[in-house]
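Structure first, then comments.
The values are calculated or read from the model by the stated rules, or taken from the named source; none is laboratory data. In this text the structure is predicted, and so the values were computed from the model without any measurement. Cβ sites come from the backbone with ideal geometry, for glycine too, and all protein chains shown count toward neighbours.
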Amino acid sequence: MPIKVGINGFGRIGRNIMRTALDDKDIQFVAVNDVTDAKTLAHLLKYDSILGNLPHTITHTDDSIAVEGKSFKVFKVKDPGQIDWASVGAEIVVESTGLFTKGEEARKHLRGPVKKVIISAPADGPDATFVLGVSCAAIQMTVPLVASMIPPARRGRAIGEVVSGLMFGILLSRPIASLIADAWSWRAFYFLSAIAMAILLGALARYLPTLRPQAKSSYGTLLLSFPKLLRDEPVLRVRAWTAALAMASFSAFWAAVALRLPDAPFSLDAKGIALFALIGVAGAAAASLAGRWGDRGWTRPLLIAAHLLIIASLALCAWSVLLESRIAALVAMTIGATLLDFGITTDQTLGRRAINLLHPEARGRLNGLFVALFFLGGTAGSAAASFAWAYSGWVAVCAVGAFFGVLALITDIATRTGTS
């Protein structure tokens with residue numbers, strides 16, 4: 001008899017768990033629980049921008065999904081203690097929401113026939129692992145490193161070059177991962193990434209200069225200084241605020257666009273979506289130009305233009321789905337995505353330039369706060385896009401992204417802080 005499995009949280013991790021075991025005769029998926037409706041979950045299971053299209057026939061009803069005729073229940077319950085796993089006979093529950101990582105929270109699933117809970121996210125406690133995330137975030141330290149070696153008059157240009165590289169990496173990561181996974185497997189992407197990191201490590205070890213920090217405080221004292229820096233530096237607050245809003249627009253768009261492109265009028269498969277994402281990389285070229293123009297004193301008009309561009313580009317992306325011609329719709333969506341990336345990259349570059357003209361002894365901490373805050377904005381944008389997509393579709397996603405741009409534009413009008 002197969003083991004009956006339920007999944008709480010049918011995001012990418014939950015869906016990948018199901019994909020891995022769909023053809024395993026010893027496992028039977030009997031239910032999933034997620035805040036999203038069954039129609040959207042079925043679409044996401046079928047089409048994945050990283051792993052490609054699932055070669056199975058998938059259908060759905062209001063409260064169930066069927067893969068090759070094998071149906072499983074779709075619950076929509078927020079409290080894990082209220083999910084009716086007993087009605088479907090689940091014996092094992094995979095907790096993949098990322099929300100319930102403590103033992104006492106995950107144990108709420110242990111009722112009736114449920115005997116075990118598998119937590120997919122890093123659990124709270126001594127087994128927590130943050131190596132990959134922390135290591136990837138370390139590349140952000142190159143910005144203050146470069147800024148410390150360049151005179152103020154040319155700092156914007158140098159920062160623009162570094163940010164351009166960062167944005168190219170961010171924008172290229174998903175389409176490259178998709179193409180590699182489609183050609184070989186998802187494991188191949190991680191294997192090739194490890195090789196690339198090893199090569200990068202050798203290059204950095206040889207060419208990266210050794211600099212001594214100006215601050216002489218202990219590490220604990222430096223950590224405690226973060227709230228004071230945020231309170232005392234209005235430039236940091238304002239520029240981190242607009243950067244967070246821009247990143248929210250960016251994340252909202254790219255989190256949802258792969259869900260829209262498989263449908264008419266675009267009708268793209270996984271490879272087509274990857275190629276679309278590659279076209280959007282052109283927007284990263286704005287970083288170098290923005291840095292140079294910032295050095296010339298054009299920061300304020302550039303920020304206003306960048307935020308107007310974010311709003312206009314998302315309006316164009318929303319309008320593209322109304323076009324009947326596939327080619328016209330793809331052209332409009334491509335132009336919108338490229339202009340969106342131009343606007344966001346310009347905001348990021350000018351924001352980093354502004355904070356790197358502040359206190360040299362605190363440059364690393366200022367950059368750390370700036371990066372943390374704009375990543376929080378990206379998280380908010382992804383979450384907002386998820387709800388907008390689930391309840392109103394693509395146009396609502398674009399409206400949410402444009403709303404973040406409007407807030408940034410209002411900030412430009414209300415203050416000149418960080419634009420000198």
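Restricting attention to the stretch 383-413, the residues that are more than 16 Å from Ala306 (Cβ to Cβ) and of a type outside the set (Phe, Trp, Tyr) total 14.
When Arg111 is tested against (1) assigned by TED's automatic domain parsing to the domain that holds Ile13; (2) at pLDDT below 80, only condition (2) is not met. The combined condition, being closer than 30 Å to Phe10 by Cβ and touching a residue at least 24 places away in the same chain (Cβ under 8 Å), is not fulfilled by Ala354.
Mind telling me which of the residues Ile327, Ile335, Ile355 ends up being of a type in the set (A, V, I, L, M, F, W, C), in the same structural domain as Trp254 (by TED's automatic domain parsing) and closer than 26 Å to Leu369 by Cα? It would help to see each step written out before you state the result.
Details: Ile327 fails: closer than 26 Å to Leu369 by Cα; Ile335 fails: closer than 26 Å to Leu369 by Cα.
One residue alone meets the criteria, Ile355.
So, in the stretch 272-301, of the ones that are over 25 Å from the mean Cα position of the chain (by Cα) and in a helix (DSSP H, G or I), which residue ends up surrounded by the most Cβ atoms within 10 Å (Cβ to Cβ)?
Step one: list which residues in the stretch 272-301 are over 25 Å from the mean Cα position of the chain (by Cα), which gives 292-301.
Checking the rest, the ones that are also in a helix (DSSP H, G or I) come to 292-295, 299-301.
Working: Arg292: 17, Trp293: 20, Gly294: 27, Asp295: 19, Thr299: 24, Arg300: 15, Pro301: 12.
Here the answer is Gly294.
Scanning the stretch 381-420 for residues that are crowded, with 16+ Cβ neighbours inside 10 Å, farther than 21 Å from Ala312 by Cα and under 15 Å from the mean Cα position of the chain (by Cα) yields a single hit, Ser386. Taking residues in the stretch 56-69 that are farther than 15 Å from His43 by Cβ, and partners anywhere that are small (Gly, Ala, Ser), the pairs with Cβ atoms closer than 9 Å and at least 6 places apart or on different chains are Asp63/Ala38. For the stretch 75-109, name all the residues that are in a loop (DSSP other than H, G, I, E, B) and farther than 26 Å from Pro2 by Cβ. Residues satisfying the conditions are Lys78, Asp79, Gly98, Leu99, Thr101, Lys102.
Of everything in the stretch 235-282, what is of a type in the set (D, E, K, R) and more than 20 Å from Ala402 (Cβ to Cβ)? Give them in sequence order. Don't jump to the end; show me each part of the working.
Keep residues of the stretch 235-282 that are of a type in the set (D, E, K, R), which gives 237, 239, 260, 263, 269, 271.
The answer is Arg237, Arg239, Asp263, Asp269, Lys271.
Would the stretch 218-239 turn up any residue that is under 21 Å from the mean Cα position of the chain (by Cα), at pLDDT 85 or above and in a helix (DSSP H, G or I)? Explain how you work it out, then say what you get.
Step one: filter the stretch 218-239 for residues under 21 Å from the mean Cα position of the chain (by Cα), giving 239.
When the remaining residues are screened for being at pLDDT 85 or above, the result is 239.
From what is left, the residues that are in a helix (DSSP H, G or I) are 239.
Yes, some residue in the stretch 218-239 is under 21 Å from the mean Cα position of the chain (by Cα), at pLDDT 85 or above and in a helix (DSSP H, G or I).
Taken as a whole, the structure places Arg187 among residues that are more than 30 Å from Glu324 (Cα to Cα), surrounded by fewer than 16 Cβ atoms within 10 Å (Cβ to Cβ) and either among the charged types (D, E, K, R) or touching a residue at least 40 places away in the same chain (Cβ under 8 Å) (or both).
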